[in-house]
1. Mind telling me which of the residues B:37, B:106, B:43 ends up being modelled with pLDDT of 90 or more, assigned to a helix (DSSP H, G or I), within 22 Å of residue B:197 (Cα to Cα) and out of contact with any helix residue (DSSP H, G or I) (no Cβ under 8 Å at 6 or more places or on another chain)?
2. In segment B:50-67, which residue that is at pLDDT 90 or above and facing chain A (nearest Cβ under 8 Å) is farthest from residue A:204 (Cα to Cα)?
3. If you take the residues of segment B:166-185 that are outside any strand (DSSP E or B) and in contact (Cβ under 8 Å) with a residue 40 or more places away in the chain, which of them is farthest from the chain's Cα centre (by Cα)?
4. Which one is surrounded by the fewest Cβ atoms within 10 Å (Cβ to Cβ) among residues in segment B:20-46 that are more than 7 Å from chain A (Cβ to nearest Cβ) and within 30 Å of residue A:200 (Cβ to Cβ)?
5. Any idea which residue in segment B:120-139 is nearest to the chain's Cα centre (by Cα), counting only those that are surrounded by fewer than 19 Cβ atoms within 10 Å (Cβ to Cβ), touching a residue at least 24 places away in the same chain (Cβ under 8 Å) and closer than 29 Å to residue B:166 by Cβ?
6. In segment A:40-50, which residue that is crowded, with 17+ Cβ neighbours inside 10 Å and at the interface with another protein chain (Cβ under 7 Å from one of its Cβ atoms) is modelled with the highest pLDDT?
7. Just name the residue that is farthest from residue B:137 (Cα to Cα) out of those in segment B:154-165 that are in a strand (DSSP E or B) and in contact (Cβ under 8 Å) with a residue 40 or more places away in the chain.
8. Residues that are at pLDDT 90 or above, within 10 Å of chain A (Cβ to nearest Cβ), in contact with a strand residue (DSSP E or B) (Cβ under 6 Å, 6 or more places away or on another chain) and in a loop (DSSP other than H, G, I, E, B): does segment B:72-85 have at least one?
């Protein structure tokens with residue numbers, strides 16, 4: 001009976017050195033693979049988030065340009081009102097990221113005029129003020145120069161552009177959450193993706 | 001015999017890795033490049049749409065005074081003296097909105113302000129807009145707007161006959177084209193193509209202007 005099994009080849013165990021080699025190869029390839037995978041997923045996520053922000057900012061600029069406190073107002077619309085108008089659209093895309101208004105309140109509790117609210121210029125400024133994974137919506141207004149009597153030989157209006165309607169700029173700026181959880185990667189907040197989208201347009205104003 | 005076989009296995013593994021890693025990085029680079037292209041396209045769409053709409057924020061018949069300039073973004077200064085103010089409004093809105101990723105963009109320069117043009121139908125052959133007199137030709141965005149000639153003759157903007165056919169509606173159209181240049185970025189390692197992004201937007205006059 002025993003002779004029937006003489007020709008069977010038993011699987012040989014992998015030599016210990018080759019098992020170690022496979023382990024080392026795996027250890028080298030796994031981080032690289034994960035880096036590429038997370039990088040590609042984050043790039044896709046960033047594109048989706050940026051796309052949502054761009055369309056939201058466009059909508060916000062249109063709202064802000066026609067939402068002055070009065071037809072003759074030279075005060076930027078309240079950033080909180082603009083934020084509320086677009087936050088639903090932003091929240092559906094910016095998961096894991098808080099959305100806040102950026103404004104300095106005046107005595108009445110409303111967002112102050114442009115002279116007191118300066119929009120953040122970098123995402124890091126938002127992070128320093130409001131913490132990680134926060135984007136803020138900021139609305140600012142740039143008023144045209146005051147018209148003056150033109151000098152001899154110069155046609156009105158003077159200076160050029162003094163009769164223009166103000167320009168409204170809406171910023172969405174900060175850091176959005178990435179797929180890497182907090183505590184990993186460089187920095188205290190983990191991997192985050194900076195975002196800085198803005199839209200500018202002239203306001204709709206009626207002549208006094 | 002066994003030693004040479006093992007050495008062959010090692011060489012094979014190294015070769016496999018040397019083949020796979022560049023392919024992997026190539027794929028990741030191109031994936032990121034496509035994502036960048038998508039986001040830039042979104043921004044360009046947004047900037048041209050806002051530019052076209054902002055033409056209507058300007059007084060309808062206003063003309064820029066002598067010495068008026070606009071849009072000192074990435075070194076471009078456009079002299080708009082004698083052009084409709086709405087044209088400058090459109091340009092200021094475009095340049096004010098299109099601020100990010102500008103280092104990657106190589107703009108295709110166009111005439112800032114044009115007038116006329118017709119999308120055409122059976123009775124009206126399509127017509128291209130013509131450059132507005134004195135309009136700068138080194139702009140990154142071109143807007144076709146209505147204008148007023150001497151004597152109060154109104155020259156319509158672009159007639160889009162797909163809207164309210166067959167007579168069409170006068171609309172403001174803005175368009176812009178740029179190429180994405182990855183040469184100065186790490187993506188240049190694996191991206192060997194130069195994508196072009198183009199956007200065109202139409203805006204109708206608001207009800208109180210019609």
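1. On the way: B:106 fails: assigned to a helix (DSSP H, G or I); B:43 fails: out of contact with any helix residue (DSSP H, G or I) (no Cβ under 8 Å at 6 or more places or on another chain).
Exactly one residue qualifies, and that residue is B:37.
2. B:50
3. Selected residue: B:166.
4. Only one residue tops the list, namely B:34.
5. So the first thing to find is which residues in segment B:120-139 are surrounded by fewer than 19 Cβ atoms within 10 Å (Cβ to Cβ), and the list is B:120-128, B:130-131, B:133-134, B:137-138.
So of that shortlist, the ones also touching a residue at least 24 places away in the same chain (Cβ under 8 Å) come out as B:120-124, B:133-134, B:137-138.
Filter again for closer than 29 Å to residue B:166 by Cβ, leaving B:120-124.
Values: B:120: 23, B:121: 26, B:122: 30, B:123: 31, B:124: 28 Å.
By that ranking, first place goes to B:120.
6. Among them, the one singled out is A:50.
7. First, the residues of segment B:154-165 that are in a strand (DSSP E or B): B:154-155, B:158-160.
Within this subset, residues satisfying the condition of being in contact (Cβ under 8 Å) with a residue 40 or more places away in the chain are B:155, B:158-160.
Values: B:155: 20, B:158: 19, B:159: 23, B:160: 24 Å.
Across segment B:154-165, the extreme among qualifying residues is B:160.
8. Yes, because at least one residue in segment B:72-85 is at pLDDT 90 or above, within 10 Å of chain A (Cβ to nearest Cβ), in contact with a strand residue (DSSP E or B) (Cβ under 6 Å, 6 or more places away or on another chain) and in a loop (DSSP other than H, G, I, E, B).
The values are calculated or read from the model by the stated rules, or taken from the named source; none is laboratory data. All values derive from a computational prediction rather than experimental measurement. Glycine also receives a Cβ, built like all others from the backbone with ideal geometry; neighbour counts cover every protein chain displayed.
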